[in-house]
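Heads up, the thing below is written out as structure tokens.
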Amino acid sequence: MKVRGGIEAFTIAAVEGLGGAAEKLADGLYTVLWSEGPTAEPETRHLAFDPEALEDDPESELVTIASPTLERIIARATASGRVARAFLSVAPGSPQGVAERLARSYRFVDSAWTPGDGRPWFCPLGLFLFRVRYLCDSREEELVEVGVNLTDGRILRRLDEAIERYGLSPEPWEPLPTKGELPVVQTYGIAHAELERRILSTLGNRRRHLEWRLERESGRAAAYYSELLRELREEQSVLAADDPGRSRLESKARAIQMEQEGRLAELRSKYRLEVHVSLLSVLRLYQPKLVFRGRLASKAHGAEIPLVWDPVENTGEPARCYFCDVFTYELGLSRSGTVACPSCLERAALKPVLSGLSPHGQRGRRRNGQMFSGRQGTK
Ligand SMILES: [Zn+2]
């Protein structure tokens, strides 16, 4: 995900969702019109999403992750009900019966996981509702819902089924601690990328159909105008070289050619497809899940690895490989004592020198930190 693109898109979507307006001045630079609160007067603000854009307009406010401007926009979007919340009415189940089944959801590579205490937590899930508008000679729109697990960024393809099956309630039936979330800009970026992936084939079909229509109509227009020109040339061919009618026919031919160019340009713009995507709302759902402490131990290493039981899917949740960031049900311990998928373990075994080094990037480390460590206790 391009971070700037995500924040930019989220902010503009939120401003527009709140009934404000945004106008792009340059790359990463906008003028927005919006009001700070429901009763406040709308005001014009200049927002920059890139320090470089700030140079073009030094008066503008820089919007970055956790900047006060972004926080205010998110707070307003939440307060207005555009970002709603609800609780999935499903019981987390009892930890006693589940620990062993949880362990059986995984394959532990050269290691074993021993479950410790299990307790229910509310885990936040996000249902992002997008409107996609296809604009060409006709105008159509569709709504696309994308479910994202807000604690680890996994796409949830069956969230709507779960909502239908268990129903929602506006309040929790029992107070539970709530697991921490990834930054909203990151989860928005994940949802948006999934939306793009889902509309890709529709978009391709629409584009191909429009190209086909453009080709057909352009062909017809070209045939029509070439017939006119052919008739004109015929008329011209019977005139004497010094006949004054010749120049009249010449200018007529030029007019026909210009009309043809105009008609073809008109057709090209008629069959050009524009796609506008906007985020209509985000529903934040809290689902109870059982989080188990546990210890993964191999011959040489051991590490505290919590695992999560999902009572809706009736299985464990995949863990994330610390090295390559993929979700996996097959896990083992690297030489540095972190969770790794089989391919990363194999790679590390082939390159013993590298195995003790830290993984690439900070993202995997942070995500794992959120998934597997003490940042879960917010609320
Ligand atoms: Zn891996």
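The values are calculated or read from the model by the stated rules, or taken from the named source; none is laboratory data. Given the structure is predicted, the values throughout are model-derived calculations rather than measurements. Here the Cβ is made from the backbone with ideal geometry for all residues, glycine too, and neighbour counts use every protein chain on show.
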> How many residues are more than 9 Å from the ligand (Cβ to nearest atom) and either surrounded by fewer than 17 Cβ atoms within 10 Å (Cβ to Cβ) or acidic (D, E) (or both) if we restrict to region 338-347?
Replying inline: 1
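For residues that are surrounded by fewer than 18 Cβ atoms within 10 Å (Cβ to Cβ) and in a helix (DSSP H, G or I), tally how many sit in region 163-172. Let's see the steps before the verdict.
In the first step, residues of region 163-172 are kept if they are surrounded by fewer than 18 Cβ atoms within 10 Å (Cβ to Cβ); the result is 164-172.
Retained after the next criterion (residues that are in a helix (DSSP H, G or I)): 164-166.
Count: 3.
Kindly check whether there is at least one residue in region 204-227 that is of a type in the set (D, E, K, R), part of a loop (DSSP other than H, G, I, E, B) and more than 22 Å from K270 (Cα to Cα). Full working, then the answer.
Step one: list which residues in region 204-227 are of a type in the set (D, E, K, R), which gives 206-208, 211, 213, 215-217, 220, 227.
Going one step further and asking which of them are part of a loop (DSSP other than H, G, I, E, B), we end up with none.
No, the conditions are met nowhere in region 204-227.
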> Quick check: anything in region 173-192 of a type outside the set (D, E, K, R), outside any loop (DSSP other than H, G, I, E, B) and without any contact (Cβ under 8 Å) to a residue 40 or more places away in the chain?
Replying inline: no
> Just one of the numbered conditions (1) basic (K, R); (2) in contact with an Asp or Glu (Cβ under 9 Å, 6 or more places away or on another chain); (3) at pLDDT 90 or above is not true of R272; which one?
Replying inline: (2)
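Each row is one residue, and each column tells you yes or no for (1) surrounded by fewer than 19 Cβ atoms within 10 Å (Cβ to Cβ); (2) of a type outside the set (V, I, T).
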residue: Q257; (1), (2): yes, yes
residue: K289; (1), (2): no, yes
residue: S298; (1), (2): yes, yes
residue: Y322; (1), (2): no, yes
residue: V326; (1), (2): yes, no
>> Looking at D242 and the list (1) surrounded by fewer than 17 Cβ atoms within 10 Å (Cβ to Cβ); (2) within 27 Å of the chain's Cα centre (by Cα), which single condition is not satisfied?
In response: (2)
>> Can you tell me which residue is nearest to T69 (Cα to Cα) among those in region 199-224 that are loosely packed, with under 14 Cβ neighbours inside 10 Å and in contact (Cβ under 8 Å) with a residue 24 or more places away in the chain?
In response: E211
>> For the list (1) assigned by TED's automatic domain parsing to the domain that holds G337; (2) of a type in the set (A, V, I, L, M, F, W, C); (3) crowded, with 17+ Cβ neighbours inside 10 Å, I need the number of the one condition that I73 fails.
In response: (1)
> What is the residue count in region 175-184 for residues that are among the β-branched types (V, I, T) and surrounded by fewer than 22 Cβ atoms within 10 Å (Cβ to Cβ)?
Replying inline: 1
> So which strands (runs of 3 or more DSSP E) are wholly in region 39-135 and hold at least 2 residues that are more than 28 Å from D160 (Cβ to Cβ) and under 31 Å from the mean Cα position of the chain (by Cα)?
Replying inline: 43-48
